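Engineer: Starting off with a structure, shown below.
FYI, it's all coordinate maths here, none of it is from the lab. Fair warning: this is a prediction, and the values are worked out from it, not measured in the lab. As a convention, Cβ positions derive from the backbone with ideal geometry for all residues, glycine included, and neighbour counts pool all protein chains shown.
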Amino acid sequence: MIEIFLKIVPFFLLIGTGYGAARSGLFRGEAVAHLTKFVFYFALSAMLFNFASTLPFEQIFNPELALAYLYATGIVYVLVTIVALRRGTGFAEAAVEAQCGVIGNVGFLGLPMLVILLGPMAAGPVMMMLAVDLIVFGSLIVAIIVASREGRLRLSVFASVAMGLVKNPMIMSIAVGLLWSYLALPIPGAGQEFLDLLGGAATPCALFAIGASLADKSAERFSVALWLSSAKLILHPLAVAIFAILVFQLPGPIVAVMIASAAMPVAGNIFIIAQHYGVAPMRVSSAILVSTVISIVTLSLAIGLVS
């Protein structure tokens, strides 16, 4: 377990470096936004396409994996929603809290970390889970917030959500890469070197950006943040383990990647959604900060157990 912890430490040291740079004023808010855009639109997209286009199609497109993850995530999502509603929150706030309880930092943190720690075979399952997060739950939170505000769900909302998915570079990178892999198309030597160079920047830049974005986060409503962090770091990977092992009986290596991926801390893009719609952004901020700090220990335990 100590060996796994020591392997994870460099990732969090990079996050800490970004945090320190932002807190000291060397890397201010606008710079963080630009670095995040670079990772999101270019470096991470190149990494995703690189993996999706070179891995065997069946290693990425795994319907049973997607269903196991969807059912497990859905159960925790409903549980967190019920707890929020019983506490007296509205449906929009409950949806935001539920999102915090199940959506982890799989793209910026999970993919680069697990590929290094568990091997290249981790890329396929991680991308399948990332696709479920973005397509299903990324659309669900927008639909619930809009419906709770307007009292109904207009068709224009579905059109807007669909357009958002089409414009999402992570979704498009995986989709185009899958098509490339399915057709068994070759990548020219210069093109492969370009993807390797650009995708290689994803890991350090993404981790630095995560840390820098945490610099303006605060831990208000600590009890709620601790509950949401517990749901994300403990209940979510536990539910994924139950469905992957007992219900769908998936192969051991895939189960290991699924559990480790589900143990990632709360995703930063939830804060962007919460801030955009003005729904509990500080609550999300707290959950991101608290879960990231706690995950230094819980993630080490999760990866140590599955590996």
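Engineer: Only residues in region 10-22 that are touching a residue at least 40 places away in the same chain (Cβ under 8 Å) count as the first member; pair them with residues that are of a type outside the set (A, V, I, L, M) and outside any helix (DSSP H, G or I), Cβ under 6 angstrom, at least 6 apart or cross-chain, and list the lot.
Structural biologist: Close Cβ pairs satisfying both conditions: Ala21/Phe27.
Engineer: Let me ask another. Please tell me if Ala225 is farther than 30 Å from His34 by Cβ and either surrounded by 15 or more Cβ atoms within 10 Å (Cβ to Cβ) or touching a residue at least 60 places away in the same chain (Cβ under 8 Å) (or both).
Structural biologist: Numbers: farther than 30 Å from His34 by Cβ: no; either surrounded by 15 or more Cβ atoms within 10 Å (Cβ to Cβ) or touching a residue at least 60 places away in the same chain (Cβ under 8 Å) (or both): yes.
Judged against the criteria, Ala225 is not a match.
Engineer: Name the residue, out of Val76, Val106, that is aliphatic (A, V, I, L, M), surrounded by fewer than 24 Cβ atoms within 10 Å (Cβ to Cβ), within 23 Å of Ile296 (Cα to Cα) and in contact with an Asp or Glu (Cβ under 8 Å, 6 or more places away or on another chain).
Structural biologist: Values: Val76 fails: in contact with an Asp or Glu (Cβ under 8 Å, 6 or more places away or on another chain).
Matching residue, one of Val76, Val106: Val106.
Engineer: Have a look at Gly138, Gly110 and point out the one that is closer than 18 Å to Ile8 by Cβ and either touching a Cys at 6+ places or on another chain (Cβ under 6 Å) or not aliphatic (A, V, I, L, M) (or both). Quick ask: steps written out before the conclusion?
Structural biologist: Working: Gly138 fails: closer than 18 Å to Ile8 by Cβ.
Matching residue, one of Gly138, Gly110: Gly110.
Engineer: Here are some conditions: (1) touching a Gly at 6+ places or on another chain (Cβ under 8 Å); (2) of a type outside the set (Ser, Thr, Tyr); (3) farther than 14 Å from Ile103 by Cα; (4) in a helix (DSSP H, G or I). Asp216 meets all but one. Which one does it not meet?
Structural biologist: (4)
Engineer: Take the residues in region 240-255 that are within 19 Å of the chain's Cα centre (by Cα) and surrounded by fewer than 24 Cβ atoms within 10 Å (Cβ to Cβ), then tell me which one is nearest to Val126 (Cα to Cα).
Structural biologist: Here is the first cut: in region 240-255, the residues within 19 Å of the chain's Cα centre (by Cα) are 240-241, 244, 254-255.
Those still in the list that are surrounded by fewer than 24 Cβ atoms within 10 Å (Cβ to Cβ) too: 241, 254-255.
On the way: Ala241: 15, Ile254: 9, Val255: 11 Å.
Once the filter is applied, the top-ranked residue is Ile254.
Engineer: Provide a single number: the residues in region 78-104 that are in contact with a His (Cβ under 9 Å, 6 or more places away or on another chain) and either part of a helix (DSSP H, G or I) or acidic (Asp, Glu) (or both).
Structural biologist: Matching residues across region 78-104 total 2.
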